[in-house]
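A.B. asks: Structure in structure tokens, see below.
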Amino acid sequence: MPDAWLDLRAGSTPWELEPAGDATSLKAGMHIALDFWVPPFSSPTSMERATLRDTINLRHFIERDSEANP
């Protein structure tokens, strides 16, 4: 686990699962309160890209796991 994750003051990641035909729709949100200073060169856009990348990776993991463990 990266050291930065140890510096979170608070956070939540609510998930909502809903039926979607023969599949399931997953809606996920995230809120974090950092306990450290973020320099100005770390733009919200770069943070959003990193969050989106990690969310996509999580989705792929969930899909692979659900196919392996029906």
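The values are calculated or read from the model by the stated rules, or taken from the named source; none is laboratory data. Just so you know, these numbers come straight off a predicted model, no measurement behind them. Here the Cβ positions follow ideal geometry from the backbone for every residue, glycine too, while neighbour counts run over all protein chains shown.
A.B. asks: Within the range 9-39, work out how many residues are in a strand (DSSP E or B) and touching a Ser or Thr at 6+ places or on another chain (Cβ under 7 Å).
C.D. replies: The number of residues fulfilling the criteria is 4.
This table checks each residue for (1) surrounded by fewer than 10 Cβ atoms within 10 Å (Cβ to Cβ); (2) at pLDDT below 85.
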position: Asp3; (1), (2): yes, yes
position: Gly11; (1), (2): no, yes
position: Asp22; (1), (2): yes, no
position: Leu26; (1), (2): no, yes
position: Met30; (1), (2): no, yes
position: Ala50; (1), (2): no, yes
position: Arg53; (1), (2): no, no
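A.B. asks: Now for a different question. Between a residue in the range 33-47 that is at pLDDT 75 or above and any residue that is of a type in the set (Gly, Ala, Ser), which pairs come within a Cβ distance under 8 Å, given they are 6 or more apart or on different chains?
C.D. replies: Here the result reads Ala33/Ala10; Ala33/Gly11; Phe36/Ala4, each pair linking the range 33-47 to a residue that is of a type in the set (Gly, Ala, Ser).
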